[in-house]
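Participant: Mind looking over this structure? Questions follow.
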Amino acid sequence: SQWISGPTARSWVHQLRARCDAVIVGGGTVRADNPLLTSRGQRSPEPLRVVMSRSLDLPARASLWEQHAARTLVVHGHDAPADRCLQLDDWGVERLSLERCEPRPMLEALAQRGCNQVLWECGPELAAAAIAQSCVQQLAAVIAPKLLGGHAARTPLGDLGLVDVNQAEPWMPQRLQQLGADWCLELKAQ
């Protein structure tokens, strides 16, 4: 199945995207999920779709390359392979080369474009990097009543480098709400 959460939770995510200037994912999310990253018409224009990828190892066929629904920006480092840069140019996808392809410099560049409210809808490694670089002020975790586990199961958050629970930064619970069969827990940084 493509979906873990139900239709009510997915509609809530579309509403959340509609309140943002940009939605950010990493290359791994593009490869694994082929997301569209739009508000499904709840906002016009749609938020800017941003892909952060150091290697530019991105699929030739991705929903994000179709830009009639929304604009897409691919952020990469100066050392990205030239042939992959040219490929994105050929597809008509805007690129942004940064000296440091990391969350903080990317947010600064997005702010210069007027993107001040951003949604990190990314995988565990990019999510951990964004949190570690203080780029996240609020968290929303949609929890589906499904158990997934084992070695192949992905966690929602990558390694933050914490070795003791006392090192963890506290987050303030804001709201717990039911979204159909799913739950959403919202937290705010302290």
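Participant: Among residues belonging to region 64-79 that are farther than 19 Å from ARG113 by Cα and modelled with pLDDT of 95 or more, point out the one that is surrounded by the fewest Cβ atoms within 10 Å (Cβ to Cβ). Walk me through how you get there before you give the answer.
Facilitator: Quick first cut of region 64-79, residues farther than 19 Å from ARG113 by Cα only: 64-66, 68-69, 78-79.
In the following step, the residues that additionally are modelled with pLDDT of 95 or more were identified as 64-65.
Details: LEU64: 26, TRP65: 17.
Checking each candidate, the answer is TRP65.
Participant: Still on this structure, I have one more. Go through (1) out of contact with any Ser or Thr (no Cβ under 8 Å at 6 or more places or on another chain); (2) open to solvent by less than 10 Å² (accessible area, probe 1.4 Å); (3) over 18 Å from ILE131 (Cα atoms) for LEU110 and report which single condition fails.
Facilitator: Evaluating LEU110 over (1) out of contact with any Ser or Thr (no Cβ under 8 Å at 6 or more places or on another chain); (2) open to solvent by less than 10 Å² (accessible area, probe 1.4 Å); (3) over 18 Å from ILE131 (Cα atoms) leaves (3) as the failure.
Participant: Looking at region 134-147, which of its residues are under 21 Å from the mean Cα position of the chain (by Cα) and either open to solvent by 50 Å² or more (accessible area, probe 1.4 Å) or on the phi > 0 side of the Ramachandran plot (or both)?
Facilitator: Initial filter on region 134-147 (under 21 Å from the mean Cα position of the chain (by Cα)): 134-144.
Within region 134-147, SER134, GLN137, GLN138, LEU139, ALA140, VAL142, ILE143 meet the criteria.
Participant: Moving on to the next point. Do we have any residue at all in region 7-26 that's within 22 Å of ALA82 (Cα to Cα), touching a residue at least 60 places away in the same chain (Cβ under 8 Å) and open to solvent by 30 Å² or more (accessible area, probe 1.4 Å)?
Facilitator: Just the residues of region 7-26 that are within 22 Å of ALA82 (Cα to Cα), to begin with: 25-26.
Next, from what is left, pick out any that are touching a residue at least 60 places away in the same chain (Cβ under 8 Å): 25-26.
Those left that are additionally open to solvent by 30 Å² or more (accessible area, probe 1.4 Å): none.
Taking every residue of region 7-26 in turn, none turns out to be within 22 Å of ALA82 (Cα to Cα), touching a residue at least 60 places away in the same chain (Cβ under 8 Å) and open to solvent by 30 Å² or more (accessible area, probe 1.4 Å).
Participant: Cβ contacts < 8 Å: first residue loosely packed, with under 10 Cβ neighbours inside 10 Å, restricted to region 153-172; second residue assigned to a loop (DSSP other than H, G, I, E, B) and of a type in the set (S, T, N, Q), any location; separation 6+ or different chain. Result?
Facilitator: Within 8 Å, the pairs are PRO170/GLN190.
The values are calculated or read from the model by the stated rules, or taken from the named source; none is laboratory data. All of these numbers come straight from a predicted model, not from anything done at the bench. Because the Cβ atoms are built from the backbone with ideal geometry, glycine has one as well, and the counts that use them run over all protein chains shown. Keep in mind that these areas ignore ligands, DNA and RNA; they rest on the heavy atoms of the full protein, side chains included. Shrake-Rupley method; radii C 1.70, N 1.55, O 1.52, S 1.80 Å.
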